[in-house]
Amino acid sequence: MVPKDCTRCNNNGIVYHRAYSGEYLCRNCFLFSIEDKTKRCVNKYSMLRYQDKVAVAVSGGKDSLSLLYILNKIYGEKNYITIIAITIDEGIPGYRDESLEITKDFCSKIGIENRVLKFGDVFGINMDELLAKRPSEKISSCSFCGTFRRRALDLISESVGASVVATGHNLDDQLQTFLINILSGDVERIGWIYPEPVEYGEKNIRKIKPFVEIYEHELVFYALHRGIPFQAEECPHKNESIRTDIRTILNSLESNHPGIKYNAFNSAIKISKLLKMDTSGSLTKKICSLCGRDSSSSVCSVCKNLMILSGASPYNGQKSDLD
Ligand code: SF4
Ligand code: ZN
């Protein structure tokens, strides 16, 4: 039977049922639970240090804007860290413009600087032009976009002097990535899923994901109840990735077996910890022979993609579908 009052405070009316824990929460206790989970995750994996300059990657979606809000509320407003919002404009017509506007307005409302970097400024090509040049539609848009976006984020973070880059990846994202790695045979990459930050590059920047222990649908609910505006429209290329199929399967499992995603995520974390320890040397020490940046092989994925697009390297059909 559904109780009338909140499981935590025994006081207010219920707005949310957390099926995997059995809790019934009022608005305040739900919002607090998300902020508290974020703080616990930051502490558990030693993600932040006093006086870090944190570049929060903000796309205009519910995850990244909620992350910006929560990190600012818990750490920024108390001057424990300084925060800057960084945004990548891939040049996806009819989609990115709205999110750029939402991000700009939200940042100005909470008093945080927002810097934007366009794909065209870094790679000399935007997503539209890039997709017209791809040699096969078997290479998903997300595969190019994800690779180039990570590089653009690295560059803009370095240019603003950040010590940390924070992204809004949630539990669902990480679990999907784990399964994509398994399905595509990229077992070595699983070590990167472990949430403890690794210092990389010449500037020793740390990448953190403070939402990795939070379900995606809880972040939607958080943003709605906190009054955080976000872009609801999805990228037109979203369904090209195998990620969408995996998301659908996992959500269907979760609705029949509440908590199954959380259990699977914990298994993924245990495996990623073992693999990180096993492969961290080879993962962090290689340098791309073309661009000189960190890479997991002798030529980084950005350079490989640029060579495929320019025709300098033939497409061999082996491209991973990671985004
Ligand atoms: Fe890029 Fe794919 Fe995300 Fe669209 S869905 S923004 S193409 S990674
Ligand atoms: Zn390279």
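The values are calculated or read from the model by the stated rules, or taken from the named source; none is laboratory data. Just so you know, these numbers come straight off a predicted model, no measurement behind them. Using ideal geometry, Cβ is built from the backbone for each residue, glycine included, and neighbour counts are taken over all protein chains shown. Heads up: the accessible areas ignore ligands, DNA and RNA and are worked out on the full protein's heavy atoms, side chains in. Shrake-Rupley method; radii C 1.70, N 1.55, O 1.52, S 1.80 Å.
Please identify, among Ser108, Ser21, Ser301, the residue showing maximal mean-square fluctuation in a Gaussian network model of the chain using a 10 angstrom Cα cutoff. Residue with maximal mean-square fluctuation among Ser108, Ser21, Ser301: Ser21. The mean sequence distance of close C-alpha pairs (under 8 Å, at least 6 residues apart), as a share of the length of the range 76-200, puts its relative contact order at 22 percent. Take every Cα pair under 8 Å whose residues are at least 6 apart in sequence, average their separation, divide by the length of the chain, and the relative contact order is 21 percent. DSSP beta bridges fully contained in the range 38-282 are about 10 percent antiparallel. Between 0 and 90 degrees, rounded to the nearest ten: what's the tilt of helix 62-71 against the longest Cα principal axis of the chain? The helix 62-71 is inclined about 70 degrees to the chain. Count Lys and Arg as plus one, Asp and Glu as minus one, and take only other residues whose Cβ is under 15 Å from that of Ala312; the net charge is then +3. Measuring against 24 Å, Cα to Cα, the residue pairs Lys44/Lys118; Lys62/Lys238; Lys238/Lys304 contain Lys44/Lys118 as the ones spanning a longer distance. In the elastic network of the chain, a GNM with C-alpha springs shorter than 10 Å, the most mobile of Gly94, Gly61, Gly146 is Gly94. For the pair Ser108 and Asp186 in one chain, pulling the backbone fully straight at 0.36 nm per residue adds 24.0 nm over the alpha carbon distance. Placing R0 at 56 angstrom, the Cβ-Cβ distance between Arg8 and Lys118 gives a FRET efficiency of 0.80 after rounding to 0.05.
A simple rule links phi to the HN-Hα coupling: the Karplus curve 6.51 cos²θ - 1.76 cosθ + 1.60 with θ = phi - 60°, which for the range 138-147 gives 5, 7, 5, 4, 5, 5, 5, 4, x, 5 Hz, with x for Gly and Pro. Among the chymotrypsin sites (Phe, Trp or Tyr not before Pro) found in the range 49-157, those both in a DSSP coil and sparsely packed, with 10 or fewer other Cβ atoms within 10 Å of their Cβ, are Tyr50.
Pairs exceeding 18 Å between alpha-carbon atoms, taken from Lys39/Lys109; Lys4/Lys37; Lys53/Lys73: Lys39/Lys109; Lys4/Lys37.
Here the chain exposes an accessible surface that is 51 percent carbon and sulfur, computed with a 1.4 Å probe and the other protein chains kept in place.
Restriction of the trypsin sites (Lys or Arg not before Pro) in the range 1-59 to DSSP coil positions whose beta-carbon has at most 14 other beta-carbons within 10 angstrom yields Lys4, Arg49. Per-residue accessible area (protein heavy atoms, 1.4 Å probe) orders Asp186, Asp121 as Asp121, Asp186, starting from the largest. Note on the chain: helix-only mean residue ellipticity at 222 nm, from DSSP H runs of 4+ residues weighted -39500 (n - 2.57) and normalised by residue number, equals -15000 deg cm²/dmol.
When the range 1-134 is described by a simple charge dipole with +1 on each Lys and Arg Cβ and -1 on each Asp and Glu Cβ, the residue from Pro93, Ile74, Ser59 located farthest towards its positive end is Ile74. For a quick check: with amide H placed at 1.01 Å from N, whose amide H comes under 5 Å from Asp89's, ignoring anything fewer than 5 positions away on the same chain? Sorted by chain and number, the residues that satisfy this are Leu117, Lys118, Phe119.
Rounded to the nearest Hz, the phi-derived 3J(HN,Hα) couplings of the range 4-11 under the Karplus curve 6.51 cos²θ - 1.76 cosθ + 1.60 (θ = phi - 60°) are 7, 10, 4, 4, 8, 9, 6, 10, where x marks glycine and proline. When only the Cβ of Lys, Arg, Asp and Glu is charged (+1, +1, -1, -1), the dipole of the range 144-287 relative to its Cα centre reaches about 360 debye. A simple charge model with +1 on the Cβ of Lys and Arg, -1 on the Cβ of Asp and Glu and nothing else charged puts the dipole of the chain at about 800 debye relative to its Cα centre. In the context of the full set of protein chains, the chain has a per residue accessible area of 48 Å² (1.4 Å probe). Starting from the Cα of Arg40, step 7 Å toward the Cβ, then list every residue of the range 196-240 with an amide N under 18 Å from that point. Once the point is set 7 Å along Cα→Cβ of Arg40, 196, 209-219, 222 turn out to lie under 18 Å by backbone N, inside the range 196-240.
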